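Visitor: Right, I'll just put the structure down here and ask away after.
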Amino acid sequence: MKKLESKSVVLLRHHLKALRLPTIGQECEKVAARCAADNHDHLTYLLELTEAELLERERKAAERRLKAARFPVLKSLESFDFTARPSVNKVMITELARCEFIDRRENVLFVGNPGTGKTHLGIALSAAACAKGYRVRFYRVTELVTQLIEARDEHVLLGLRGRLAKLDLLVLDEFGYVPASKTGAELLFDVISTAYERTSLMVTTNLPFDHWTEVLGSERLTGATLDRLTHRCHIIETRGESYRLRDAKARITRGAGEGRAEGTSSALEPALEGGGGSR
């Protein structure tokens with residue numbers, strides 16, 4: 001009887017591998033033993049196995065989407081300090097994390113000084129979109145502009161534009177840090193214009209809107225870009241001091257305090273030693 005069971009298991013694993021059901025292959029014996037102990041019927045056994053297979057497929061698909069998004073680092077909303085950024089509406093951010101704005105083809109703009117959490121929030125919301133099954137790609141604006149120019153020069157721009165058009169959410173980080181060339185600005189506008197009401201855009205910028213001409217170089221192009229981005233858009237300001245600057249100040253203050261403490265200790269040592277001798 002054991003030989004027959006062993007043969008059945010071997011054949012079952014072979015069939016499951018051919019059907020590309022690896023999780024069922026790994027879990028079938030354990031689930032069978034558990035269902036037998038709990039006196040569950042065959043349909044319950046099959047249900048548990050298929051649920052395990054689906055959950056594992058969803059987990060792996062989410063991992064692939066996160067990898068394809070190419071985030072520089074992973075961030076979460078749980079690790080964002082909303083108390084340090086009272087200008088950021090936590091209720092709105094929580095609502096955006098449901099990702100319904102993507103279904104409505106709406107955009108999200110984060111505007112604020114460097115180091116105020118714009119990229120953190122952008123990545124956290126985008127990662128939530130990956131987990132919910134949306135196709136996401138993260139770019140620093142300078143990186144995307146460089147790729148667009150190179151693709152145009154190598155006559156593969158159509159392919160890059162096609163890949164961008166398949167996305168559900170395109171993240172453009174650090175808009176405004178480096179002025180774009182005339183060609184770069186025009187290619188970037190083409191991406192934004194093509195995405196309009198087809199693909200949601202998420203943009204982080206340190207520039208007020210009236211300074212965008214400094215990056216795009218043309219008032220006409222700037223007006224057309226803002227017109228498309230801000231139509232059906234959620235604008236979130238991250239006001240306040242830079243996290244990095246605040247942490248640097250704290251380190252300097254701690255260092256100065258430790259230095260003063262060490263200096264006081266050194267100055268007191270001779271006096272203490274002298275006092276000991278006199279007694």
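The values are calculated or read from the model by the stated rules, or taken from the named source; none is laboratory data. Given the structure is predicted, the values throughout are model-derived calculations rather than measurements. Cβ placement follows ideal geometry from the backbone for every residue including glycine, while neighbour counts extend to all protein chains displayed. To get the accessible areas, we keep the full protein, side chains included, count just its heavy atoms, and leave off ligands, DNA and RNA. Shrake-Rupley method; radii C 1.70, N 1.55, O 1.52, S 1.80 Å.
Visitor: For G184, work out the one condition from (1) at pLDDT 95 or above; (2) open to solvent by less than 40 Å² (accessible area, probe 1.4 Å); (3) assigned to a helix (DSSP H, G or I) it doesn't fulfil.
Guide: Status for G184: all satisfied but (1).
Visitor: List the helices (runs of 4 or more DSSP H) inside the range 35-114, counting only whole elements, that have at least 1 residues being more than 17 Å from Y134 (Cα to Cα) and either at pLDDT 95 or above or out of contact with any Lys or Arg (no Cβ under 9 Å at 6 or more places or on another chain) (or both).
Guide: Because the criterion is at least 1 residues that are more than 17 Å from Y134 (Cα to Cα) and either at pLDDT 95 or above or out of contact with any Lys or Arg (no Cβ under 9 Å at 6 or more places or on another chain) (or both), the helices (runs of 4 or more DSSP H) in the range 35-114 that meet it are 42-69, 90-96.
Visitor: Examine the range 57-70 for a residue that is touching a residue at least 24 places away in the same chain (Cβ under 8 Å), farther than 30 Å from L172 by Cβ and under 31 Å from the mean Cα position of the chain (by Cα), and state whether such a residue exists.
Guide: So far as the range 57-70 goes, yes, one or more of its residues are touching a residue at least 24 places away in the same chain (Cβ under 8 Å), farther than 30 Å from L172 by Cβ and under 31 Å from the mean Cα position of the chain (by Cα).
Visitor: Do we have T222 as in a helix (DSSP H, G or I) and closer than 25 Å to L66 by Cα here?
Guide: no
Visitor: Does L201 qualify as being under 24 Å from the mean Cα position of the chain (by Cα), under 25 Å from R85 (Cα atoms), part of a strand (DSSP E or B) and of a type outside the set (V, I, T)? Spell out the reasoning first.
Guide: Values: under 24 Å from the mean Cα position of the chain (by Cα): yes; under 25 Å from R85 (Cα atoms): yes; part of a strand (DSSP E or B): yes; of a type outside the set (V, I, T): yes.
So L201 passes the test.
Visitor: What residue, among those in the range 194-218 that are touching a helix residue (DSSP H, G or I) at 6+ places or on another chain (Cβ under 6 Å) and small (G, A, S), is most open to solvent (accessible area, probe 1.4 Å)?
Guide: G217
Visitor: Since G176 meets every condition but one in (1) surrounded by fewer than 16 Cβ atoms within 10 Å (Cβ to Cβ); (2) at positive phi, which condition does it not meet?
Guide: So G176 meets the others, but not (1).
Visitor: A follow-up question, please. Limited to the range 122-178, what total is found for residues that are in a strand (DSSP E or B) and either over 18 Å from F101 (Cα atoms) or modelled with pLDDT under 95 (or both)?
Guide: 5
Visitor: Output yes when any residue across the range 232-241 is of a type in the set (S, T, Y), touching a Phe, Trp or Tyr at 6+ places or on another chain (Cβ under 9 Å) and either in a strand (DSSP E or B) or open to solvent by 70 Å² or more (accessible area, probe 1.4 Å) (or both), and no when none is.
Guide: Start the filter on the range 232-241 by keeping residues that are of a type in the set (S, T, Y), which leaves 238.
This time we only want the ones that are touching a Phe, Trp or Tyr at 6+ places or on another chain (Cβ under 9 Å), so: 238.
Within this subset, residues satisfying the condition of being either in a strand (DSSP E or B) or open to solvent by 70 Å² or more (accessible area, probe 1.4 Å) (or both) are 238.
Within the range 232-241, one or more residues are of a type in the set (S, T, Y), touching a Phe, Trp or Tyr at 6+ places or on another chain (Cβ under 9 Å) and either in a strand (DSSP E or B) or open to solvent by 70 Å² or more (accessible area, probe 1.4 Å) (or both).
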